[in-house]
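Throughout, read-outs are computed from the coordinates displayed, never taken from laboratory work. Because the structure is a prediction, the values reported are computed rather than measured. Cβ placement follows ideal geometry from the backbone for every residue including glycine, while neighbour counts extend to all protein chains displayed.
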Amino acid sequence: MSDETDDFNEDEFRAIDSELHEARARVAAAPVETVVTNHAVGLYELGAIHLSSDPPNLSAAALAIDAFACIVEGLRGRLGEESATLEAALANIRMAFVQVKQTIADQ
């Protein structure tokens with residue numbers, strides 16, 4: 001065993017393994033649309049973080065926004081009742097990107 005695992009006994013390993021199985025069961029029970037939407041929102045947030053950093057990191061923001069767009073546009077109509085909200089969020093963050101880029105260019 002490695003040094004990191006030496007601090008755990010067999011009962012602790014069983015408890016951790018049980019928690020892992022329970023977490024996997026919860027994810028498996030969730031609607032796939034919900035899980036994918038949550039990941040998409042994470043990409044949106046990542047783009048927003050890079051746009052709002054000082055100074056803005058446009059290349060990182062663009063990558064996150066493009067990845068968000070791949071999910072939203074690539075799965076259009078398949079993400080359940082949140083599809084319209086995601087499409088609006090994509091339009092908004094794209095507009096924010098253009099505005100931040102223009103502000104930087106004007107400086």
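Here the range 18-54 is scanned for amide nitrogen atoms under 18 Å from the site 7 Å beyond the Cα of E73 along Cα-to-Cβ, giving 40-41, 43-45, 47-48. What does a probe at T85 reach in the range 43-68, counting residues whose amide N is under 15 Å from the point 7 Å along Cα→Cβ? Label zone hits: 43-45. Computed packing ranks the peptides 38-47, 20-29, 73-82, 94-103 as 38-47, 94-103, 73-82, 20-29, most packed first, by mean other Cβ atoms within 10 Å. The length gained by stretching the chain between V41 and N9 to full extension, at 0.36 nm per residue less their Cα-Cα distance, is 7.7 nm. Seen against the Cα atoms of the chain and their longest principal axis, helix 32-52 is set at about 50 degrees. The angle between the Cα long axis of helix 10-29 and the main principal axis of the chain comes to about 40°, on a 0 to 90 degree scale.
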